[in-house]
Amino acid sequence: MPDSKDSASSVKAPTDPYSTLNSERRSRALVLFLSLMLPVIAAIVVYHLDSFDAAPMPLHELSQPPEPALLRNDRMLLGAELLGVGKFQGPEDIVYDSRSEVIYTGSGDGWIKRVWLNESASDTVVENWVRTGGRPLGLALGLNTEVIVADAYKGLLNISRDGAIELLADGAEDLKFKLTDDVDVAEDGMIYFTDASHKYSLNEVRQDLFEGRPYGRLISFDPVSKRTEVLLSDLYFANGIAVSPDQDYLVFCETTMRRCRKYYIKGIKKGNVEKFMDNLPGMPDNIRYDGEGHYWIALGTENTLFWDLAFKYPLVRKTAAIIERLTGRRVSTEKNGGVLAVDMDGKPVAQYQDVELNLVSTGIKIKNYLYCGSVFYPYIIRLNLDQHAAQARS
Ligand SMILES: *[C@@H]1O[C@H](CO)[C@@H](O)[C@H](O)[C@H]1NC(C)=O
Ligand SMILES: *[C@@H]1O[C@H](CO)[C@@H](O)[C@H](O)[C@H]1NC(C)=O
């Protein structure tokens, strides 16, 4: 049994050549092990020293699979036209003035653009109208044809017909708005809007999503008394908002919770919050009522595996936050963005999306067209709904 003899002699004689070989091998293995483990150890140390604190999210409210829309167009870009290519930097929201037949949209270059639509996409006329100096997001028409703007950096603005800018509100209850996001105006002139976060500004959106705490608020502004009132706080990235056609309630979207809820502004339920839709098939952004019984909810992305895991595990969100901060790059890819049309009861009716689309931020139906805005595309997307309507799956 040469093996047992060898090992026995190696204990007695440390200079045995076999033993030297073994210890060389052992130290090489150790070096290899350390060089593999050091980055892991470093990452663990960085993770623990980093003060970013991702919170657990209310998972029980996120656990059901989304209800699918029966009518679908999953490749909406194939039939779409691109309007005003190069004239926008992320036309985030779109509002239509039917009297003058123009649309207004806020662009990442700080301009609110006025757009004259035309049957022929190449005859779209885009004009730089007013520059807010911030980042105009949500838009709504006021009662005196003024444009009310939720500007991410400036707050709630009133832009008069001749282009004068007036700041209506930039904070409430001793907390400044950090990310004024969307706005709608009721028939009585009351202005309802959201501040997505009072902690993180627009360029820190990802940190807000990753932290997973509800820093959003739903707020009203009374144009007569000039009073700003917080209607709801502790919302999960309060985003799109739309007054219901009967003026009884608001529907507002909470992006990170993938849901939309109702807030009653009239009647015996005034002040109450109710479910409108839970478990959306993606992360909701702006919402618009089309005057024909449907809300159109923009979905920045479908529910990806990354976001599913991120919602469940704060560790995933904290790790992603650190990596994005250190590398300046997104760890997750959004895909299958689009628009979901739902009925008055929050039941999905039709979904328009495309694998190539992400960060779609608004969908608005004007006549027989669907117009989509986004966070960064340099154009408005238009789809002829007569020719490219969502179809039942066979
Ligand atoms: C569309 O553009 C053409 C060419 O510029 C113009 O003649 C026509 O009046 C426009 N149509 C509308 C509805 O603005
Ligand atoms: C916005 O400004 C215009 C022009 O001053 C004014 O007529 C309008 O009432 C203002 N709207 C609000 C909501 O303050």
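The values are calculated or read from the model by the stated rules, or taken from the named source; none is laboratory data. Note that the structure is a prediction, hence the values are computed from the model and not measured. A quick note on method: Cβ atoms are made from the backbone with ideal geometry, for glycine too, and the neighbour counts reach across all protein chains shown. To get the accessible areas, we keep the full protein, side chains included, count just its heavy atoms, and leave off ligands, DNA and RNA. Shrake-Rupley method; radii C 1.70, N 1.55, O 1.52, S 1.80 Å.
Given D93, D170, D97, D162, which one is in contact (Cβ under 8 Å) with a residue 40 or more places away in the chain and away from ligand 1 (no atom under 16 Å from the Cβ)?
None of the others qualify; the one that does is D93.
Only one residue in I322, I297 is among the hydrophobic types (A, V, I, L, M, F, W, C) and assigned to a strand (DSSP E or B), so which one is that?
Going through I322, I297 in turn, the sole match is I297.
Could you count how many residues in the stretch 62-81 are open to solvent by 70 Å² or more (accessible area, probe 1.4 Å) and not in a loop (DSSP other than H, G, I, E, B)?
Result for the stretch 62-81: 1.
If I go through the stretch 38-52 residue by residue, how many of them are open to solvent by 80 Å² or more (accessible area, probe 1.4 Å) and not in a helix (DSSP H, G or I)?
Total meeting the criteria: 1.
Can you name every residue in the stretch 370-394 that is surrounded by fewer than 16 Cβ atoms within 10 Å (Cβ to Cβ) and outside any strand (DSSP E or B)?
F376, D386, Q387, A389, R393, S394
Please indicate, with yes or no, whether at least one residue in the stretch 356-363 is of a type in the set (V, I, T) and surrounded by 24 or more Cβ atoms within 10 Å (Cβ to Cβ).
yes
Mind checking which pairs have a first residue in the stretch 256-268 that is closer than 21 Å to L299 by Cα and touching a residue at least 60 places away in the same chain (Cβ under 8 Å) and a second that is open to solvent by 20 Å² or more (accessible area, probe 1.4 Å) and among the charged types (D, E, K, R), Cβ under 6 Å, 6 or more apart or different chains?
Once the first residue is closer than 21 Å to L299 by Cα and touching a residue at least 60 places away in the same chain (Cβ under 8 Å) and sits in the stretch 256-268, its partners that are open to solvent by 20 Å² or more (accessible area, probe 1.4 Å) and among the charged types (D, E, K, R) give R259/D278.
From the list L359, L305, L383, which residue is touching a helix residue (DSSP H, G or I) at 6+ places or on another chain (Cβ under 9 Å) and aliphatic (A, V, I, L, M)?
L383
Looking at the stretch 24-48, I want the residues that are of a type in the set (D, E) and have a partner that is open to solvent by less than 100 Å² (accessible area, probe 1.4 Å) with Cβ atoms under 8 Å, at least 6 apart or on another chain. Which pairs are those?
none
Output the number of residues of the stretch 344-369 satisfying the condition of being in a strand (DSSP E or B) and closer than 22 Å to A121 by Cβ.
Final tally of qualifying residues: 11.
Does I112 satisfy being over 18 Å from S374 (Cα atoms) and either surrounded by 20 or more Cβ atoms within 10 Å (Cβ to Cβ) or under 21 Å from the mean Cα position of the chain (by Cα) (or both)?
When the stated conditions are applied, I112 does not pass them.
Take the residues in the stretch 162-218 that are at positive phi and within 16 Å of ligand 2 (Cβ to nearest atom), then tell me which one is most open to solvent (accessible area, probe 1.4 Å).
Out of the qualifying residues, it is G163.
Tell me, yes or no, whether the stretch 343-353 has at least one residue that is farther than 27 Å from D248 by Cβ and touching a residue at least 12 places away in the same chain (Cβ under 8 Å).
So far as the stretch 343-353 goes, yes, one or more of its residues are farther than 27 Å from D248 by Cβ and touching a residue at least 12 places away in the same chain (Cβ under 8 Å).
Just to be sure I understand, how many residues within the stretch 266-288 are within 16 Å of T194 (Cα to Cα), buried (at least 24 other Cβ atoms within 10 Å of the Cβ) and aliphatic (A, V, I, L, M)?
Result for the stretch 266-288: 1.
Note down all Cβ pairs under 6 Å where the first residue falls in the stretch 103-128 and is aliphatic (A, V, I, L, M) and within 9 Å of ligand 1 (Cβ to nearest atom), the second is open to solvent by 40 Å² or more (accessible area, probe 1.4 Å) and not in a helix (DSSP H, G or I), and they're at least six residues apart or on different chains.
V125/W116
For (1) surrounded by fewer than 19 Cβ atoms within 10 Å (Cβ to Cβ); (2) more than 21 Å from the chain's Cα centre (by Cα), each residue gets a yes or a no:
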{"site": "G86", "(1), (2)": "yes, yes"}
{"site": "I94", "(1), (2)": "no, no"}
{"site": "V102", "(1), (2)": "yes, yes"}
{"site": "T124", "(1), (2)": "no, yes"}
{"site": "L139", "(1), (2)": "no, no"}
{"site": "E146", "(1), (2)": "no, yes"}
{"site": "S160", "(1), (2)": "yes, yes"}
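If you go through the stretch 272-290 one residue at a time, do you hit one that is under 24 Å from G189 (Cα atoms) and part of a loop (DSSP other than H, G, I, E, B)?
Yes, the stretch 272-290 contains a residue that is under 24 Å from G189 (Cα atoms) and part of a loop (DSSP other than H, G, I, E, B).
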